[in-house]
Amino acid sequence: MALLEVEDLHTYYGNIHALKGISLTVEEGEIVTLIGTNGAGKTTTLNTISRLLTPRQGTVRLEGQDLSHVPAHRLVTMGIVQVPEGRRVFARLTVEENLRMGAFTIKDKAVIDEGIERGYTMFPRLKERSKQVSGTLSGGEQQMLAMARALMAKPRLLLLDEPSMGLAPTLVEFIFETITSIHAEGVSILLVEQNALQALAVASRGYVLQTGKVLMADTAAALAANEDVRRAYLGEI
Amino acid sequence: MTAVTAPPPTVAPIASARDLWLSVAIRTGLIAGATALYLCLTGIVPTFDSRPLIRDVITLGQVALVVAFMAAGLGTAIRLGTQASPGRTVLGGTVAGLIAGAMLSALVLLGSVVDLRAMFLHASPALWNVLTFEMGTSGFWVPAAVGAVLGGLAAAIWLLPGALRMSLLAGLAMVLVMGLFAGLLRAPMLSGPLSGLARQLFAAEGLQPIGALLSFAAGAILVPLFRPSRIRARAQRLSREQRRVTAVPLGGVLLLLVLLLPLGLGPFVAQVVALIALYVLMGLGLNITLGLAGLLDLGFVAFFAVGAYTVGLLTSTGEYGIAQWSFWAAVPVAVVIAMLFGVVLGLPLLGMRGDYLAIATLGFGEIIRILAGSDLLKPWLGGPRGITNIPKPLDVGPDSFLAGPNQIYYIALACAAVIAFVAWRLRASRLGRAWIAIREDEDVAEALGVNLVQTKILAYMLGAAFAGLGGAIFASLYGSVFPSSIQLLVSINVVAIIIVGGMGSIPGVVVGAIVLIGLPELFREFSEYRFLFYGAVLILMMRFRPEGLIPSRIGRQEMHHDAAEDDPLTATAAVEPS
Ligand SMILES: Nc1ncnc2c1ncn2[C@@H]1O[C@H](COP(=O)(O)OP(=O)(O)O)[C@@H](O)[C@H]1O
Ligand SMILES: [Mg+2]
């Protein structure tokens, strides 16, 4: 049974039919990537999975359990955590307080402190800034914080929405390395990226989305080799 | 770093250096003149011409004009900065003052030919006499001349070396403050051993000339010594250890002052001080809902009313009292009932954010007010006649120090301390973080596992509890509750206190309450112009210090890091993975 199973998802913004029957799966221990141009529906897909949006039709299952009637705030304890598009760290809270928010559902203090230490080991930058309000962090630091915050809850499935967006090249490199090491710790990842080349390099499988539909689904290697994909998403002519 | 800086010179680039001073002077003069006209036509100048600041020297009405003229000169000098020669600066100040004064001259001239009273009640011969030093309309030139002189003088003061300028302005400001507070300072002194001194310094209204001179000297000498920037600079030079060592006795002295404050006050000021303490309490409470959870609750007064009426009903010995309990037994009940109202009224608001929330809560306040005064509830709540004969919490003899509002002062103070403690603990707690998180980004907070319904309801409950407590104390402070006590103004006051003081800052609430509640209450003689003062304070705050008078650490960081955020390129490039 797949860890995450999305079947025929239809999501609307008012009258706008944003997702027109998306189906995808993520197996335990996989990195799966969603690529596609701006407005293809990648964020909408993630937000529907994390129940910030309610689909009009279709199901999302975690290990076979239907999530339709699970309220959004219960998903964390079930193992799904999202790193939203644009970081969205809590600007008024300090770095450390943001991390504590990530562990909101955890009661055990020792576990929380251990999680914070783990985050600081992964992102030493954050340790230096731990008492600083996060609104004053740079874009790269905020991305690190958003990822560290999500890891606080020890997710089984991490939903990453464009983690490399707007970052300098060296930093993009670092973020992708981090994704690989998070994965190595046994976390399954659904990765949304515009940076298709790098996303396909770390993922095992990928889905190409276009105007709310799955255009192609294949192994990452096959997608990276596909002529159409290369032309449309990898910037080759 | 202080945020109060002179406005940047907003000078059109076309103005060449040669006539820069003139264009600045004209613009500043017009603004000052408009202000002066406003002061005259709203009646501030003529009304306060009967209230001396310094006996037989100058009246408050005249002071208003002097301040406007000097502001014209000072404003011109500040805007010009170093862009003009000293001569040009003084000339500019003179021109600005002249323009401002000439606008009043024009008013007098106009008034001598047309009767303006149909439109402006205060445009009367009395006003012309104030403006022309009793010379009537034939002295129309007087304001222009006085304006020119004062404007030039003010600009010249600005050119003085920093320390001297500071002393002069501080001295003048001190005379103004002492003159305004003269009555309040004099009354308690008269009854004690200081009565001789009081008669020397203060006139029946305002200062004696000697008092004015002494005030000027005190301001000129003391203010530069205790200038905040200087104290801060000195504090920064201290080590952390030294700072801690000095903070303890300093805090102790402050606490002692706060505790002993009612000793030297007459009954009127004691009442005002108790009211300030009460608003501090409510401000701290709203700081939790608004400052932490970001819920702009304008229905504060609804819970205030619930608290006040509950205590009224439970303790009153009058007609509508139902139990004649003691205050202490009634307060917990009042708080719990207010909390229940908080939940009930909070539920329908859960989905609302921002402006919608504010308007909906505004409605609740009105509903409760109308209900309280309605015929429907009249048999229980007394309708417009309200509930009276609410006893004081402590049953002490009429001569006791604690008899009047003083006991309320201490009770409110104690409650405020408890609330401040709760607020401080909450800020560092899991719940406090969740509130801040919700305020910033509901979706993300929910995705991290925060139950929005529960968490928001808790915020409403807590806010309602503090409002209810405020209402309960209010009821026993005044000994009565009327529907007319439940004004929207109560909610607005509390919100404004937080905004003026600095959101999320405990000292900010205290200062906000003193400025917005204390000053208007103390200056009852100016009560007609309360809201004018209120509006002016709010506008000036928003313009010059939007983070509040004493912002919290975070509020300050927020207001001053925008520049960094606007520049994502440098912000990102600055980070290299280590
Ligand atoms: N809040 C919204 N309201 C209305 N339409 C939206 C909203 N968010 C996204 N859309 C639309 O839904 C479609 C998918 O958007 P999105 O999921 O954000 O795409 P992607 O993340 O792939 O760039 C786009 O056409 C977009 O315009
Ligand atoms: Mg997107």
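Number of residues in region A:63-110 that are within 26 Å of A:Glu128 (Cα to Cα) and part of a helix (DSSP H, G or I) equals 10.
Go through the residues of region A:134-142 one by one and say whether even a single one is in contact with a helix residue (DSSP H, G or I) (Cβ under 8 Å, 6 or more places away or on another chain) and either of a type in the set (Val, Ile, Thr) or surrounded by fewer than 18 Cβ atoms within 10 Å (Cβ to Cβ) (or both). Yes: region A:134-142 contains one or more residues that are in contact with a helix residue (DSSP H, G or I) (Cβ under 8 Å, 6 or more places away or on another chain) and either of a type in the set (Val, Ile, Thr) or surrounded by fewer than 18 Cβ atoms within 10 Å (Cβ to Cβ) (or both).
The residues of region B:185-199 that are outside any helix (DSSP H, G or I) and within 18 Å of B:Val269 (Cα to Cα), listed by number, are B:Ser191, B:Gly192. Is it the case that region A:31-38 has a residue that's away from ligand 2 (no atom under 16 Å from the Cβ), at negative phi and modelled with pLDDT under 95? No, there is no match, as no residue in region A:31-38 is away from ligand 2 (no atom under 16 Å from the Cβ), at negative phi and modelled with pLDDT under 95.
Within region B:38-155, considering only helices (runs of 4 or more DSSP H) that don't extend past its boundaries, which have at least 3 residues that are at pLDDT below 95 and closer than 30 Å to B:Ala204 by Cβ? In region B:38-155, B:44-47, B:60-80, B:125-131 are the helices (runs of 4 or more DSSP H) which contain 3 or more residues that are at pLDDT below 95 and closer than 30 Å to B:Ala204 by Cβ. When A:Ile31, A:Ile35 are screened for being within 12 Å of ligand 1 (Cβ to nearest atom), in contact with a helix residue (DSSP H, G or I) (Cβ under 7 Å, 6 or more places away or on another chain) and more than 25 Å from B:Asp441 (Cβ to Cβ), only A:Ile35 passes. Contact map, region A:76-94: first residue on the phi < 0 side of the Ramachandran plot, second residue part of a loop (DSSP other than H, G, I, E, B) and of a type in the set (Gly, Ala, Ser), Cβ cut-off under 6 Å, separation 6 or more or different chains; pairs are A:Val76/A:Ala153; A:Val76/B:Gly449; A:Val81/A:Ala153; A:Gln82/A:Ser50. Here region A:55-83 is the region considered, the condition is being among the hydrophobic types (A, V, I, L, M, F, W, C) and facing another protein chain (nearest Cβ under 8 Å), and the residue that is surrounded by the fewest Cβ atoms within 10 Å (Cβ to Cβ) is A:Ala72. Among the candidates B:Leu469, B:Leu516, the residue that is of a type in the set (A, V, I, L, M), part of a helix (DSSP H, G or I) and assigned by TED's automatic domain parsing to the domain that holds B:Pro348 is uniquely B:Leu469. Within the set A:Leu19, A:Leu9, A:Leu52, A:Leu46, the sole residue that is more than 19 Å from A:Ala222 (Cβ to Cβ), in a helix (DSSP H, G or I) and either within 14 Å of chain B (Cβ to nearest Cβ) or within 13 Å of ligand 1 (Cβ to nearest atom) (or both) turns out to be A:Leu46. Just to be sure, is A:Val60 under 23 Å from B:Val453 (Cβ atoms), outside any helix (DSSP H, G or I), touching a strand residue (DSSP E or B) at 6+ places or on another chain (Cβ under 8 Å) and away from ligand 1 (no atom under 16 Å from the Cβ)? Taking the combined requirement at face value, the residue does not satisfy it. Here A:Ala224 does not fit the description of being out of contact with any helix residue (DSSP H, G or I) (no Cβ under 8 Å at 6 or more places or on another chain) and of a type in the set (A, V, I, L, M).
From A:Gly140, A:Gly115, grab the single residue that is modelled with pLDDT under 95 and either within 9 Å of another protein chain (Cβ to nearest Cβ) or touching a His at 6+ places or on another chain (Cβ under 6 Å) (or both).
Result: A:Gly140 is the single residue among A:Gly140, A:Gly115 that is modelled with pLDDT under 95 and either within 9 Å of another protein chain (Cβ to nearest Cβ) or touching a His at 6+ places or on another chain (Cβ under 6 Å) (or both).
Within region B:224-251, residues that are in contact (Cβ under 8 Å) with a residue 40 or more places away in the chain and on the phi < 0 side of the Ramachandran plot have Cβ atoms under 9 Å from residues that are loosely packed, with under 11 Cβ neighbours inside 10 Å and assigned to a helix (DSSP H, G or I) in these pairs: B:Pro224/B:Ala163, counting only partners at least 6 apart in sequence or on another chain. Here B:Ser491 qualifies as hydroxyl-bearing (Ser, Thr, Tyr) and either within 9 Å of chain A (Cβ to nearest Cβ) or touching a Gly at 6+ places or on another chain (Cβ under 7 Å) (or both). Selection of helices (runs of 4 or more DSSP H) fully inside region A:118-211 by the criterion of at least 3 residues being within 16 Å of ligand 2 (Cβ to nearest atom) and not polar (S, T, N, Q) returns nothing. A:Ile80 satisfies every condition listed in (1) away from ligand 2 (no atom under 14 Å from the Cβ); (2) farther than 18 Å from A:Leu159 by Cα except (2).
Being at the interface with chain A (Cβ under 7 Å from one of its Cβ atoms), assigned to a helix (DSSP H, G or I), over 10 Å from A:Ala72 (Cα atoms) and not small (Gly, Ala, Ser) is the filter here; which residues of region B:431-443 pass it? So that I can check it myself, show each step before the final result.
Kept after step one, since they are at the interface with chain A (Cβ under 7 Å from one of its Cβ atoms), are these residues of region B:431-443: B:433-434, B:436-437, B:440-441, B:443.
From what's left, assigned to a helix (DSSP H, G or I): B:433-434, B:436-437, B:440, B:443.
Narrowing further to those that are over 10 Å from A:Ala72 (Cα atoms): B:433-434, B:436-437, B:440.
Within region B:431-443, B:Arg433, B:Ile436, B:Glu440 meet the criteria.
With the condition kept exactly as written, say whether any residue in region B:456-478 is among the aliphatic types (A, V, I, L, M) and touching a Lys or Arg at 6+ places or on another chain (Cβ under 9 Å). Yes; the residues of region B:456-478 include at least one that is among the aliphatic types (A, V, I, L, M) and touching a Lys or Arg at 6+ places or on another chain (Cβ under 9 Å).
The values are calculated or read from the model by the stated rules, or taken from the named source; none is laboratory data. Because the structure is predicted, anything quoted here is derived from the model rather than measured. Neighbour counts run over all protein chains shown; Cβ positions are idealised from the backbone, glycine included.
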